[in-house]
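Asks: Sharing a structure, written as structure tokens. Questions coming.
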Amino acid sequence: MNGHEPYIEETEVQTSIEEKTPREKVYVWYAGFWMRLWAYLLDLVVVMSIQKLLIAPFFRAAGLTSDTGWLSPVNWAMAAVFYLYFILMTKQFSQTIGKMIMGLKVISLTDDCLTWSAVIFRELIGRYISKTALFLGYAVVAFTSKKRGFHDYFAETSVIHEKQPAYLIEKNSAG
């Protein structure tokens, strides 16, 4: 399936044996590999700017920059900024600055909104696994029907274009 064919999810959630939950139809256009890559690169510029403008001067002023090992306080602080940026932006806005610029948004495939557990799992654990697996967790975006990376599978999320709907998914309207 290429990025321009409609995808229709026709499953229904059953809450009890007799009653079926009504489904809300939502049209979405899943964001592909290249759009997501450009958004990620823009996010890296933002994160590195924060790190270089705030974290590095703080540690330099405190005299803690001489330790350059992997477990140094500077590296821990920079990693914290990286992950906190993605976690807080995704939870608060369902998108990072890079995704905002590219017109992309993270959605939950199971709930109406992104939960803290889904965002933390996606952005912290899932992103770490996607990176440590030789970035293959990101490459699978190019080959899956809903354009999902490993971190999206772990958190039951996907990334869509905000303004150009093309695909149909259904969500519980009962909440």
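All of the numbers you see were taken from the coordinates with simple rules; none came from a lab. Not measured: the values here are computed from a predicted model. Quick reminder, even Gly has a Cβ in these numbers, built from the backbone with ideal geometry, and neighbours come from all protein chains shown.
Asks: Would you please put 28-36, 47-55 in order of how densely packed they are, using the mean number of other Cβ atoms within 10 angstrom per residue and starting with the highest?
Replies: Ranking the peptides 28-36, 47-55 by packing returns 28-36, 47-55.
Asks: Here is a follow-up. Rg (Å, one decimal) plus Dmax (Å, integer) for the alpha carbons of segment 44-87?
Replies: For segment 44-87, the Cα-based Rg and Dmax read 10.2, 29 Å.
Asks: Oh, and also: Skipping prolines and chain starts, which residues have an amide H placed within reach, meaning under 5 Å, of the one on residue 28, given they are 5 or more residues away or on another chain?
Replies: Distant-sequence amide H within range of residue 28: 166, 167, 168, 169.
Asks: Each residue of segment 132-146 in turn: what ³J(HN,Hα) in whole Hz from Karplus with 6.51, -1.76, 1.60 and θ = phi - 60°, glycine and Pro shown as x?
Replies: Along segment 132-146, the couplings run 6, 8, 6, 6, 5, x, 8, 5, 5, 4, 5, 10, 9, 5, 9 Hz.
Asks: Could you go through segment 35-49 in sequence order and give the Karplus-derived ³J(HN,Hα) for each residue, using 6.51 cos²θ - 1.76 cosθ + 1.60 with θ = phi - 60°, rounded to whole Hz, and x for Gly and Pro?
Replies: 4, 5, 5, 4, 4, 5, 5, 5, 5, 4, 4, 4, 5, 5, 5
Asks: State the three equivalent ellipsoid semi-axes of segment 84-147, derived from the C-alpha gyration tensor as the square roots of 5 times its eigenvalues, in descending order and whole Å.
Replies: 19, 14, 13
Asks: What FRET efficiency comes out for residue 135 versus residue 41 if R0 is 22 angstrom and r is the Cβ-Cβ distance? Round to the nearest 0.05.
Replies: E between residue 135 and residue 41, to the nearest 0.05, is 0.95.
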